[in-house]
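See below for the structure under consideration.
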Amino acid sequence: MGKRERLVAAAGEMVYRQGVAATTLAHIAAAADVPLGNVYYYFKTKEEIVGAISEAHAEGLTATLAEVERRHRSPKARLKALVDVLADRSDETALYGCPYGTLATELAKRADGTDPHAVELMRIPLDWAEREFRAMGCRGARALAVELVAGYQGAAVLAGTLGEPEVMAGQARRLRRWIDTQAG
């Protein structure tokens, strides 16, 4: 892995665990085992590295959804598989929240308004779930997608706040049953 990739990976992990504000370029350089001066070669500002983290998250999320599509034939099975992927991360989610949701929330709180990276991190799963519900023949596919993503993100907030991974496991079971009740 090259220096830039190491920096983005280290930054992503640090931002996930402690937030954007508490993460400095010096911390990132140390975690990536890269001299601080080299950080500025790849990223002129902290904003640039946060953008790179967001892009890496978006790529990872897109890859996860593509893998779910490859492994499961029906839209209903794909939606339930996504819930399973999310539930498999419940221990980590109980420690730090959802990596996508926590970053999107932090970026959306900025004084200059909603960050486009935050919007993208939420739009990817929403748009994907909407397509799957539509493929199932469901009316109100967008509302169902919002319900699914909100159900997961809400459980992630609770699990992270309470430090209880079982919150995620219980919500995953409920979401799977809920998906089964939808048309298709």
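Overview of values
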read-out: Some residue of segment 78-85 being out of contact with any helix residue (DSSP H, G or I) (no Cβ under 7 Å at 6 or more places or on another chain), without any contact (Cβ under 8 Å) to a residue 40 or more places away in the chain and surrounded by 14 or more Cβ atoms within 10 Å (Cβ to Cβ); value: no
read-out: Selection count, segment 138-152, where residues are modelled with pLDDT of 95 or more and open to solvent by 30 Å² or more (accessible area, probe 1.4 Å); value: 6
read-out: Members of segment 138-161 found to be over 19 Å from the mean Cα position of the chain (by Cα) and touching a residue at least 24 places away in the same chain (Cβ under 8 Å), listed by number; value: CYS138, ARG139
read-out: Filtered residues of segment 98-129 (kept if surrounded by fewer than 17 Cβ atoms within 10 Å (Cβ to Cβ), more than 17 Å from ALA21 (Cβ to Cβ) and of a type in the set (Gly, Ala, Ser)); value: GLY113
read-out: Matching option when the condition is surrounded by 17 or more Cβ atoms within 10 Å (Cβ to Cβ) and farther than 16 Å from GLY170 by Cα, among GLU67, GLU132, GLU55, GLU59; value: GLU132
read-out: Test for ALA156: is it surrounded by fewer than 15 Cβ atoms within 10 Å (Cβ to Cβ), part of a helix (DSSP H, G or I), aliphatic (A, V, I, L, M) and out of contact with any His (no Cβ under 8 Å at 6 or more places or on another chain); value: no
read-out: Residue that is surrounded by the most Cβ atoms within 10 Å (Cβ to Cβ), among those in segment 8-44 that are among the hydroxyl-bearing types (Ser, Thr, Tyr) and part of a loop (DSSP other than H, G, I, E, B); value: THR23
read-out: Close pairs (8 angstrom Cβ cut-off, 6 or more residues apart or separate chains): in contact (Cβ under 8 Å) with a residue 60 or more places away in the chain in segment 121-137, of a type in the set (Phe, Trp, Tyr) and open to solvent by less than 50 Å² (accessible area, probe 1.4 Å) anywhere; value: LEU121/TYR100; PRO125/TYR100
read-out: Residue satisfying condition, being part of a helix (DSSP H, G or I), within 22 Å of TYR100 (Cβ to Cβ), free of Cβ contacts under 8 Å to residues at least 60 places away in the same chain and under 14 Å from the mean Cα position of the chain (by Cα), within set GLU69, GLU59, GLU47, GLU5; value: GLU59
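The values are calculated or read from the model by the stated rules, or taken from the named source; none is laboratory data. Keep in mind that this is a model prediction, so the values were computed, not measured. With ideal geometry, Cβ positions are generated from the backbone for all residues, glycine too; neighbour counts draw on all protein chains shown. For the accessible areas, the whole protein counts, side chains as well, though only heavy atoms, and no ligand, DNA or RNA atoms are used. Shrake-Rupley method; radii C 1.70, N 1.55, O 1.52, S 1.80 Å.
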